[in-house]
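Enquirer: Here it is: the structure, laid out below.
Coordinate-derived values only; no laboratory data. Just so we're clear, the structure is a prediction, and the values are computed from it rather than from any experiment. We place every Cβ from the backbone using ideal geometry, glycine too, and count neighbours over all the protein chains shown.
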Amino acid sequence: MAEEYSQLATLLGMPIYLIVLFLIWSVIWKGLALWKAARKKHTAWFVILLIVNTMGFLEILYIFLFADLFSKKKENKVAKKKKK
């Protein structure tokens, strides 16, 4: 098994610890983004984040930019409907 990891590291041209670090980084951000998308009922974002692997970049953008933006738009629509 260690030989496969060694071959993967050689193929990618980077040490194994960097590969593991990138994997952990990606899993943490993906988990946080998926959790937030599920709680806010953003189905399209959930599917996109689940399928597309961007090493955390899309997930970070979703968490800090898009999640609250879409929720505020939805809240404004609900508030306008209640006023009528």
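Enquirer: I'd like to know if segment 9-21 contains one or more residues that are under 24 Å from residue 66 (Cβ atoms) and either of a type in the set (Phe, Trp, Tyr) or in a helix (DSSP H, G or I) (or both).
Expert: For segment 9-21, residues under 24 Å from residue 66 (Cβ atoms) and either of a type in the set (Phe, Trp, Tyr) or in a helix (DSSP H, G or I) (or both): absent.
Enquirer: Continuing with the same structure: Are there any pairs with C-beta distances below 7 angstrom linking a residue in segment 26-52 that is surrounded by fewer than 18 Cβ atoms within 10 Å (Cβ to Cβ) to a residue that is assigned to a helix (DSSP H, G or I) and among the polar types (S, T, N, Q), with the two at least 6 apart or on different chains, and if so which?
Expert: From segment 26-52, the pairs are 40/71.
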